[in-house]
Amino acid sequence: MEPEFWTDGSVWVGVFEHSTEGAGLAEMAVRDLKARDWCFFQTSGTEGARKWVGLTKQALLTSARAVNEHFGITERDHWLLALPTHHVGGFGILARAHLSGSPVTRLEGKWNAAAFVQKCEAVGATLASLVPTQIFDLVAAQLRAPASMRAVLVGGGALNAELEAAALALGWQVHRTYAMTETGSSVAAQPRPGAELEVLPIWKVGTEEEGVLTVSGPALALGYAICEEGRWRWEPIPAEGLRTRDRVEVIEAEGTRSLRFLGREAGTVKILGELVALGPIQDRIEALRLKLGSRSTADAAVCDVADARKESRLVLAVSGMTEGEATQMQKGLNETLRPFEQIQDVRRLQAIPRSALGKVLLAGLRELL
């Protein structure tokens, strides 16, 4: 990416290779929104309809500058890019490198944990941004961190405590982050492994009823482009800020603000009148995969399905597992679940639908089930 990209007036759309999704979006933005120096990224669609998030290039640079300052990123660092750049998680690395002057090496080809470590060693990479699924693969293969790697930013989903501890034991200096497409990158990040998620200074955060997070700040997206029946429409984000779908606790102490992630509002279901958060159960599944030594090709996810008596019930969806592995997973889960949460039904699928960043796509999973 040439430096001129950031001020050349162009509108950039982050499309998948060989995909027709997003066709006509740039033209609509220029014609109807008078857009200059904008970028569009598709949301991961974990809960249904996809939207294209519109951010100015200046907003992306503002977010990148805050991340650089938080982690002390300079021209002496070297990024290994292992995330797709049509997602804001990968694209953000290019923005950070542009500001800091740090070189970037792209990991070519399909994700492979061993190839990632080899490339780190070959180029002397000091920084990377990964998703929990990739951390799982590194830990499952017992791959130790190269000496050069000083920080791995982990986003794209919750990193459970067991996986975090296992990665740290192998020398991977993982820093959990809380980020979303609408904020161009991180809203909060650990200043050091094991610490609370510290809110970056550019963001104003608050909570509404039931602890739902609200965010406002100079790097916030302008709105959403939505395509319905071949026609684009624009849905602006309110000037006062964004109401997220995430439940958090905001902690203020000693001049710092921290976020403690509690779960997604949309990931909560009712069973026999009781509220059940799917996020912590999925965290338990990831921990069990690690404990049971599951192959990286084996996958599992929890999902709710309609039940005439209970309103909802939980199902364990598995792919690439033997019957014995699936039974072990089910037994291990039920040992920690409350009586009304117990999983009696295991469904085998060809694959668990996940986004490019490794998030379970609940809407797609519900359709399959």
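Give the accessible surface of segment 286-369 per residue, rounded to a whole number of Å², with probe radius 1.4 Å and ligands, DNA and RNA excluded.
Values: 4270 Å² over 84 residues.
Value for segment 286-369: 51 Å² per residue.
Which helices, taking whole DSSP H runs in the chain, have alpha carbons extending 24 angstrom or more along the helix axis plus mean Kyte-Doolittle at least -1.0? Please list the in-between numbers first.
Details: long enough: none.
Membrane-span-like by this rule: not one helix.
Of (i) 24.6, 90; (ii) 20.6, 61; (iii) 21.8, 69, which one was derived for Rg and Dmax of the Cα atoms in Å from the structure shown?
(ii)
Which of 277, 305, 293 sits farthest toward the positive end of the charge dipole of segment 265-312, with +1 on the Cβ of Lys and Arg and -1 on the Cβ of Asp and Glu?
293
What residues qualify as long-range amide H neighbours of residue 188, i.e. H under 5 Å apart, gap of 5 or more or another chain, H built at 1.01 Å from N?
Amide H neighbours of residue 188: 178, 200.
Expressed as a whole percentage, what fraction of the accessible surface of the chain belongs to carbon and sulfur atoms when a 1.4 Å probe is rolled over the protein heavy atoms?
Working: 8390 of 17180 Å².
Carbon plus sulfur share of accessible area: 49 percent.
Using the heavy atoms of the protein chains alone and a 1.4 angstrom probe, what is the accessible area of segment 113-270 per residue in square angstrom? Provide the component values of the computation, followed by the final result.
On the way: 7020 Å² over 158 residues.
Accessible area per residue: 44 Å².
Within 10 Å of each candidate Cβ there may be at most 15 other Cβ atoms; applying that plus a DSSP loop requirement, which trypsin sites (Lys or Arg not before Pro) in segment 1-92 survive?
Details: sites: 31, 34, 36, 50, 51, 57, 65, 76; in loops: 34, 36, 50, 51, 76.
When the trypsin sites (Lys or Arg not before Pro) of segment 1-92 are filtered for loop state and at most 15 Cβ neighbours within 10 Å, 34, 36, 50, 76 remain.
Counting only DSSP beta bridges with both residues in segment 1-118, tell me the antiparallel percent, nearest 5.
On the way: 5 of 11 bridges.
Looking only at bridges with both residues in segment 1-118, the antiparallel portion is about 45 percent.
For the chain, what is the mean residue ellipticity at 222 nm derived from helices alone (per DSSP H run of n ≥ 4: -39500 (n - 2.57); sum divided by total residues; nearest 500 deg cm²/dmol)? If you can, show how the numbers build up before the last one.
Working: 9 runs with 99 residues, N = 369.
One gets -8000 deg cm²/dmol as the mean residue ellipticity at 222 nm.
First check a/c for segment 174-287, with a ≥ b ≥ c the square roots of the eigenvalues of its C-alpha gyration tensor; if it is under 1.5, answer rounded, and if not, answer prolate when a/b is larger than b/c or oblate otherwise.
On the way: a/c = 1.76, a/b = 1.12, b/c = 1.58.
Note, shape of segment 174-287 comes out oblate.
Please report, in debye to the nearest 20, how large the charge dipole of the chain is about its Cα centre when each Lys and Arg carries +1 at its beta carbon and each Asp and Glu carries -1 there. Could the numbers behind the result be given before it?
Values: 40 positive and 45 negative charges, 92 e Å.
My answer is approximately 440 debye.
Leaving out ligands, DNA and RNA but keeping every protein chain, what accessible area does residue 240 have, in Å² rounded to the nearest 10, with a 1.4 Å probe?
Estimated to the nearest 10 Å², residue 240 gives 150 Å².
Once you've got the GNM for the chain with C-alpha springs shorter than 10 Å, pick whichever of 322, 207, 183 has the biggest mean-square fluctuation.
322
Report the net charge of residues surrounding residue 76, where surrounding means a beta-carbon distance below 14 angstrom and charges are Lys +1, Arg +1, Asp -1, Glu -1. Spell out each step's value before the answer.
On the way: positive: 96, 150; negative: 75, 77.
Taking every Cβ under 14 Å from that of residue 76, the sum is 0.
Considering only DSSP states other than H, G, I, E and B, which GluC sites (Glu not before Pro) in segment 76-176 qualify as loop sites with at most 12 other Cβ atoms within 10 Å?
Values: sites: 108, 121, 162, 164; in loops: 108.
Loop-located and lightly packed - 108.
Taking amide H positions as placed 1.01 Å from N in the peptide plane, with prolines and chain starts having none, which residues 5 or more places from residue 207, or on another chain, fall under 5 Å of its amide H?
Residues meeting the amide H criterion: 214.
Please say if segment 227-269 is rounded, prolate or oblate, where rounded means a/c under 1.5 for a ≥ b ≥ c the square roots of the C-alpha gyration tensor eigenvalues, and otherwise the choice is prolate for a/b larger than b/c and oblate otherwise? If you can, show how the numbers build up before the last one.
Values: a/c = 5.12, a/b = 1.91, b/c = 2.68.
Oblate.
Please check: in the Gaussian network model of the chain (C-alpha springs, under 10 Å), which one of 345, 299, 77 has the largest mean-square fluctuation.
345
The values are calculated or read from the model by the stated rules, or taken from the named source; none is laboratory data. Computed from a predicted model, the values in this text were never measured in an experiment. As a convention, Cβ positions derive from the backbone with ideal geometry for all residues, glycine included, and neighbour counts pool all protein chains shown. Accessible surface areas use protein heavy atoms only, side chains included; no ligands, DNA or RNA. Shrake-Rupley method; radii C 1.70, N 1.55, O 1.52, S 1.80 Å.
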